[in-house]
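> Below is a structure I'd like to ask you about.
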């Protein structure tokens, strides 16, 4: 049997794969999705023998799980190795897992770390999580472990989220921060990670970094105890009895009913946390507003109007503009889902606003992106990255967007893209889903990021009668000077629901 994390990786990757692939591998992936394992063999057996890395890894999965064939861990390892040797990060992860668990090959922690590292270097989040956990458990190196866990946790790996939470709770490898500990325990707990559910129950029982809430504690103890393999069963049963003694029968019945009906959130790389729990019968119970996502925005008018992406505001009941630990409410004025743009109004006028470039950027031109990526993991300050305009169209030849090499991460969405003279030429919008492409291509594409073109943004603003300042390309400035100017107009946005 493969580990829980391995199963999560396989399901998440296959569920999100794009549909562009050679016929054999493409049909095999579709067959795997549908549970047609005989179809996987039919489409992939010859291709794998001919050297196709995708099919080699898929056959390894079949033999490892005993799906459509008799389980044979030795054969599984052979297929994983052939695929991993060709640079397939998913196969490298699976081979590392075999070395770590001793399935089909002798246990070898050094080999496990080697292959996890090969996958992690190409951006595979579950491999980063495994390396981080090994660094903490085997090497007692919390600092390195936390560094590896952060990007994996941000991409939705529950074990990474739980271990990162433990770091924030204990102050190991990072400054102690009970608030962030609760945030990451909730992420992992919502994804069905039993250990995080137990930890949350204890936190709410004792009020560690949060106001004690015995009903919430009862709920998480009850959810954790639904897992027959709960490693903390005795402690959780004792905790359930303790908090039950402090609740009314009505509250116990209510919490128990919600826990009985609760279902874990499907694990998806980059997904947002659930903000409701469910009573029996499917009725949702609001848990009060919670921050579900963050993004970036920038002032386009001194009247206090901000531009950001539509997907930053689409699911929000409330928007907030934050500076450090303080925040002010903001109002969504207009949206354009097709362009993926939104206009937001701050509560008061501002001193500075951007200048849009009057002419379009050129292929190969330098650009600078400013935003607030991976909020809660990286610095609370704005992050500045630079690159070039790689293409004048986005994915699927979308002419409303451009492609750039400047790196962006979750949270960069809606941030400004500046030309060498400090004028806005685009709005950061997305990065290529490297993990989703890895299974099909056998390689992680690098630095493929997209922005809404500046002229699209200008048309959107003009449609809503907003006057903006424009200018032609001017004197080239240093990245540091552009960054100084950008910090005056770029803000962090919080989405609350």
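The values are calculated or read from the model by the stated rules, or taken from the named source; none is laboratory data. All of these numbers come straight from a predicted model, not from anything done at the bench. Cβ coordinates were reconstructed from backbone atoms using ideal geometry, including for glycine residues, and neighbour counts include every protein chain displayed.
> Please state which of the following conditions residue 119 fails to meet, knowing it meets all the rest: (1) more than 18 Å from residue 160 (Cβ to Cβ); (2) buried (at least 22 other Cβ atoms within 10 Å of the Cβ).
All conditions are met except number (1).
> Can you go through 223, 157 and tell me which one is farther than 30 Å from residue 253 by Cα and touching a helix residue (DSSP H, G or I) at 6+ places or on another chain (Cβ under 6 Å)?
Answer to the check: 157.
> Another question about this same structure. Just checking, does segment 157-170 include any residue being assigned by TED's automatic domain parsing to the domain that holds residue 224, at pLDDT below 90, within 26 Å of residue 262 (Cβ to Cβ) and surrounded by fewer than 24 Cβ atoms within 10 Å (Cβ to Cβ)?
No - not one qualifying residue is present in segment 157-170.
> Just to be sure, is residue 61 in the same structural domain as residue 99 (by TED's automatic domain parsing), in a helix (DSSP H, G or I) and modelled with pLDDT under 65?
Against the criterion (in the same structural domain as residue 99 (by TED's automatic domain parsing), in a helix (DSSP H, G or I) and modelled with pLDDT under 65), residue 61 does not qualify.
> Can you name the residue in segment 462-471 that is within 17 Å of residue 425 (Cβ to Cβ) and in contact with a strand residue (DSSP E or B) (Cβ under 7 Å, 6 or more places away or on another chain) and, of all such residues, is surrounded by the most Cβ atoms within 10 Å (Cβ to Cβ)?
Applying the filter and picking the extreme gives 468.
> Looking only at segment 329-347, decide whether some residue is at pLDDT below 90, crowded, with 21+ Cβ neighbours inside 10 Å and within 30 Å of residue 399 (Cβ to Cβ).
No.
> When you look at residue 240, is it closer than 21 Å to residue 264 by Cβ and touching a residue at least 12 places away in the same chain (Cβ under 8 Å), yes or no?
yes
> Does segment 271-292 contain any residue that is surrounded by fewer than 20 Cβ atoms within 10 Å (Cβ to Cβ), at pLDDT 80 or above and within 29 Å of the chain's Cα centre (by Cα)?
no
> How many of the residues in segment 348-359 are modelled with pLDDT of 90 or more and crowded, with 16+ Cβ neighbours inside 10 Å?
5
> Something else: Within segment 173-269, considering only helices (runs of 4 or more DSSP H) that don't extend past its boundaries, which have at least 1 residues that are more than 30 Å from residue 125 (Cβ to Cβ)?
Result: 194-206, 214-225, 233-244, 249-261.
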